[in-house]
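Here is the structure we will look at, set down as structure tokens.
The values are calculated or read from the model by the stated rules, or taken from the named source; none is laboratory data. Note that the structure is a prediction, hence the values are computed from the model and not measured. Virtual Cβ from ideal backbone geometry, glycine too; neighbours counted across all protein chains shown. With ligands, DNA and RNA removed, areas are computed over all heavy atoms of the protein, side chains included. Shrake-Rupley method; radii C 1.70, N 1.55, O 1.52, S 1.80 Å.
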Amino acid sequence: MATTDQDIRWDLSDLCPDAEEARSRLEAAAELANDIADRYRGRIAELDAAALRALLDELDELEQDLSRLGVYSYLRLSMAATEVEANDLATFSREKSADIENALVFVGLEWIAIDDDRAEELLTSDELAPYAHKLRVERLEKPYVLSEPEEKALNARRPMVSAWQSLHDRQVSTLEVPFDSGDGEGVQPHGISQLLSYLYRPERELRLRAVDTLFEGLEPRTDVLAAAYDALVGDRLTTDKLRGFEHPMQPTNMANELDDETVEAMMSVIEESYAIAQRWFRHKATLLALDELSLADQYAPIGEPRRFTWDEAVELVDSSYSRFSPRLAEIFRECLDAGHVDVLPRAGKATGAYCTTVSKQILPYVLMNFTNRLRDVSTLAHEFGHATHNVLALEGQTFRSHRVGLSMAEVPSTFAQSIADDYLLENETDPGTRAALAADRLENAFAAVYRQTVLARFEQRAYAVRGEGRSLAAERLNELWWEENGKYYGDSLVMPDQYRMGWSYIPHFIHTRFYTYAYSFAQLVALLLYRRYRESHNGFVPTYLDFLRAGGSASPADLVAPFGLDLRSTDTWREAFDVLGQFCDEAVTLSSQSQQ
Ligand SMILES: [Zn+2]
């Protein structure tokens, strides 16, 4: 069964023949955008349903062209980060895309400006049905948009706002501390992500030192990091007041198409379920033969998983998908056959894994960095959860309506990973691999569900403090961070005192407020769907495929309604924790067995 892994690379010919061709097509797209602007600017309010439909169809085609060229240049860069031609093309592509976006921004603005009765008439027409939901969502912003001179004045502050963000980014990205990882290279400068990567290593001494070193390095910078955060929170609160938002989370909730009640119901149930994580942390301490688990042990590896060849990984994902729905396996194989997967790591290639959607005619592309680990098998299943979603959503929807926000985007990928993990757990005989898989699945869910909600609660408190006219100095942020994390870990894990500074390097706080709870949301919705599947099996599959085909043509609440899920109800969210509790039981059992 074990064949040597071949160096399977992307075939980009479905996208574009070469960089020169990409440039000339981008030029043509920019010309078309200007032409559309000449034809329609100042006229959106006059259009009837059929004419508006014709415009939206034309824009949909243009967007797909841009997507194809943008993906081509992005993938070129992912394959060779330092190649001059790839960099030149990426810059050119970004600039052209920005020009096109600017040329067409009037469409959205004029659409929002149309009065409500007229808009409603258009939205209920048959012609606009394929675009209706996205058009409705755009209009939700209307009450919070100010007059043109006010918007211009607010826009003029943008460079100042991004200066605070860049200052924060720079303080974080330039942090380098001397550290000896024990790999024989001696003391070397280490950045934050490098230090954090040691938390997944089996050597405890290395993990503890990495945490110490990280916070020693951050400490002298926390004042500046806090000042940047304080300035940004202050600015956001002021702008919110001008726009008339009721609370600091509202803009994010609106962007996620989630109502305040849903988000609060979810977060409160997550908090009441911290005990599941605490149970695992106590068990993990015994597995590692420790009196108490420390923060540095949280992600210490459990079990000793065996290695997997690429062919084996493909076989596993294929079989697990086939068992669920042959259609998903078919899409998976089509993408592989089309040369849309880049498999092995190599110098200059982007790290990590991703899936990128292209257009209605072209299958998505997937980047992997496959190194024969168990984790890579789960990643393959995850990325093709995205890919199968993309393909089916593009079959059912226009390009514009196939897109989903972050809160829904991670649902099919997490779900796909669950069915692949199940398949593996059922068929794998090696005890160390089974233990590792069960522990990984559980800890990944904790990181998404619990940690991301702790982060959002921390932000809520920071905005409240700032809103009461108190500053967000490092000392105060330390306190808030400590308290919210303390609720999560309880007495099941020891937080070292320096962990007070744990808020300081997190980019989401700086770039997109309350971004993180969408991860909790997606993970829990995936668990809820998984539970429905386990209960009803075959009855579930057609509804699930329809859900994938629906793409972003409805709100998250409406998308999951066919499964009988009411997201405003705390009882719904509690069901997800039954599944998480079962994952925890399974991880406890398998990890104990593998140690015997
Ligand atoms: Zn993903």
What are the residues whose amide H is under 5 Å from the amide H of residue 494, where those residues sit 5 or more places off or on another chain and H is modelled from the backbone? 293, 294, 295
Only Lys, Arg, Asp and Glu count, each charged at its Cβ (+1, +1, -1, -1), so figure out the dipole size of the stretch 274-361 about its Cα centre, rounded to 20 debye. 200
How much FRET efficiency would the formula 1/(1 + (r/R0)^6) give for residue 582 and residue 487, where r is the Cβ-Cβ distance and R0 is 22 Å, rounded to 0.05? 0.40
What translational diffusion coefficient, to the nearest whole µm²/s, does the stretch 240-356 have by Stokes-Einstein, given a Kirkwood radius computed over alpha-carbon pairs, a temperature of 25 °C and 0.890 mPa s viscosity? 122
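By how many nm would the segment from residue 102 to residue 327 lengthen if fully extended, with 0.36 nm per residue of separation less the alpha-carbon distance?
Details: separation 225, 0.36 × 225 = 81.00 nm, distance 3.95 nm.
My answer for the length gained is 77.0 nm.
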Find the all-direction average of the projected area of the Cα convex hull for the stretch 2-127, expressing the result in square nanometres with one decimal place. 11.3
Mean ellipticity per residue at 222 nm, deg cm²/dmol - from DSSP H runs of n ≥ 4 across the chain, formula -39500 (n - 2.57): -21500 deg cm²/dmol
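Leaving ligands, DNA and RNA out of it, report the carbon-plus-sulfur percent of the accessible area of the chain at a 1.4 Å probe. Could the numbers behind the result be given before it?
Numbers: 12940 of 25870 Å².
Ligands and nucleic acids excluded, carbon and sulfur give 50 percent.
At 0.36 nm per residue, and after removing the present C-alpha to C-alpha distance, how many nm does the segment from residue 395 to residue 41 gain when stretched out fully? All intermediate terms of the calculation are to be shown ahead of the outcome.
Details: separation 354, 0.36 × 354 = 127.44 nm, distance 3.09 nm.
Extra length from residue 395 to residue 41 when fully extended: 124.3 nm.
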Only Cα pairs under 8 Å and at least 6 apart count here; give the relative contact order of the stretch 349-469 as a rounded whole percent. 20
Each label point is 7 Å from the Cα along the Cα-to-Cβ direction; what then is the distance between the points at residue 315 and residue 197, in nm? 3.0
How large is the charge dipole for the stretch 16-104, taken about the Cα centre, if only the Cβ atoms of Lys, Arg (+1) and Asp, Glu (-1) carry charge, to the nearest 20 debye? 200
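Using a Förster distance of 60 Å, how high is the FRET efficiency between residue 592 and residue 471, based on the Cβ-Cβ distance and rounded to 0.05? Before the final figure, lay out the partial values.
Working: r = 49 Å, r/R0 = 0.82.
So, using R0 = 60 Å, E works out to roughly 0.75.
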Students often get this wrong: which residues of the stretch 238-278 have the backbone nitrogen under 14 Å from the point 7 angstrom along Cα-to-C-beta of residue 156? none
What three numbers, in Å, describe the spread of the alpha carbons of the chain along their principal axes, ordered from the longest? 74, 63, 53
Roughly how many debye, to the nearest 20, is the charge dipole of the chain about its Cα centre, given +1 on each Lys and Arg Cβ, -1 on each Asp and Glu Cβ, and no other charges? 900
Can you give me the distance in nm between label points at residue 117 and residue 498, each placed 7 Å from the Cα along the Cα-to-Cβ direction? 6.7
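Starting from the stretch 289-345, pick out the chymotrypsin sites (Phe, Trp or Tyr not before Pro) whose DSSP state is loop and whose Cβ has at most 12 other Cβ atoms within 10 Å. Kindly include the intermediate steps, with their values, before the conclusion.
Values: sites: 299, 308, 310, 321, 324, 332; in loops: 299, 308.
Listed in order of number, the matching sites amount to none.
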For the stretch 39-69, list residues with backbone N below 18 Å from a point placed 7 Å from the Cα of residue 128 toward its Cβ? 40-60
If each of residue 27 and residue 373 carries a label point 7 Å out from its Cα toward its Cβ, how far apart are those two points in nm? 4.6
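Send over a whole-number figure in Å² for the accessible area per residue of the chain, probe 1.4 Å.
Working: 25870 Å² over 596 residues.
So the chain comes to 43 Å² accessible per residue, rounded to a whole number.
If you take every DSSP beta bridge whose two residues both sit in the chain, what share of them, in percent to the nearest 5, is antiparallel?
Values: 7 of 11 bridges.
Given both bridge residues lie in the chain, the antiparallel proportion sits at roughly 65 percent.
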Can you tell me the relative contact order of the chain? Whole percent, Cα pairs under 8 Å, sequence separation 6 or more. 20
Listed pairs 241/487; 284/349; 96/241; 152/241; 142/487 exceeding 27 Å between Cα atoms: 241/487; 284/349; 96/241; 142/487
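For the stretch 125-239, what's the relative contact order in percent, using C-alpha pairs closer than 8 Å and at least 6 residues apart? Please report the intermediate quantities before stating the final value.
Details: 65 pairs, mean separation 25.0, N = 115.
Relative contact order comes out at 22 percent.
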